[in-house]
Amino acid sequence: MNGDGCPAEEFRRESERLKRRVIHAPRLGGERWRQVALLYRLADSYGRRVFPRSLCHEKVSAFSGCVTGECCRCRPDVFASEKELLDRLPKPPDNAGYCLFFNIAKKTCGIYGVRPFACRIYYNMASSRLYCQNPADATLQLFDTLKRHVEKILGPHLGGYPPHGPEAG
Ligand code: SF4
Ligand code: SF4
């Protein structure tokens, strides 16, 4: 985003750009780990472009990023291969209502470098903190649109982590 246009229009344009790239990614072929790395790079690139126009940017502190932690009071959406990774990481049995990987003392993500795809594209594009846990429809719609394409690389979408039900094992 160059900062000159309407934020909503820029968000729409960046969302469309991400969709095109994610749809194209599985067609590039190659080893799966390369596709996963590409997918995360695309998500991070999207984040860098959207972030300056998001409420997340306003909440940033000079050294540690957003420290409100509101969006991490959740079970983050994961795909099958992400669950496999998260299953191997140390975590508490519960975390006071936060995601199991949220560092409550620092109020930051404890697994930032390997956080799930959904977390990487999660930005509050509204003007209210109320949306941190319930982001603008556009953000949810973006994830929903991308889901079936991301599944081609990361495996089936399992919902929030840790999953409930038969997949939980
Ligand atoms: S969505 Fe809200 S809580 Fe999450 S990083 Fe952005 S401003 Fe912070
Ligand atoms: S994985 Fe990290 S960014 Fe995602 S919800 Fe958990 S603490 Fe937040």
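Every read-out reported here was derived from the displayed coordinates using simple, explicitly stated rules and does not represent laboratory data. Bear in mind that the values here come from a model prediction, so they are computed numbers and not experimental data. Counting neighbours? That spans all protein chains shown, and the Cβs are built from the backbone with ideal geometry, glycine included.
Results, tabulated for the structure shown:
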{"quantity": "Net length gained if the chain between Arg129 and Ser81 were fully extended (0.36 nm per residue, minus Cα distance)", "calculated": "14.2 nm"}
{"quantity": "Using a Förster distance of 25 Å, the FRET efficiency for Thr145-Thr108 (Cβ separation, nearest 0.05)", "calculated": "0.30"}
{"quantity": "Among Ile153, Gly29, Gly97 - extreme Cα towards positive end, dipole of the chain, charges at beta-carbon", "calculated": "Gly29"}
{"quantity": "About the Cα centre, charge dipole magnitude for segment 7-163 (Lys/Arg +1, Asp/Glu -1 at Cβ), debye", "calculated": "380 debye"}
{"quantity": "Fluctuation leader among Ala43, Ala126, Ala105 - the chain, Gaussian network, Cα springs under 10 angstrom", "calculated": "Ala105"}
{"quantity": "Full-extension gain in nm, Ala138 to Phe51, via 0.36 nm per residue minus C-alpha separation", "calculated": "29.8 nm"}
{"quantity": "Sum of -39500 (n - 2.57) over DSSP H runs of 4+, divided by residues of the chain (222 nm, nearest 500)", "calculated": "-13000 deg cm²/dmol"}
{"quantity": "Ranked Ser128, Ser15, Ser81, criterion: other C-beta atoms within 10 Å, fewest first", "calculated": "Ser128, Ser81, Ser15"}
{"quantity": "Mean separation of Cα contacts under 8 Å, 6 or more apart, over the residue count of segment 7-163: relative contact order %", "calculated": "33 percent"}
{"quantity": "Estimated vicinal HN-Hα couplings, Hz - segment 102-114 in sequence order (Karplus 6.51, -1.76, 1.60; Gly, Pro = x)", "calculated": "7, 8, 5, 5, 8, 6, 9, 5, x, 10, 3, x, 10"}
{"quantity": "Pairwise FRET efficiency - Ala8 versus Glu31, Cβ, R0 = 45 Å, nearest 0.05", "calculated": "0.75"}
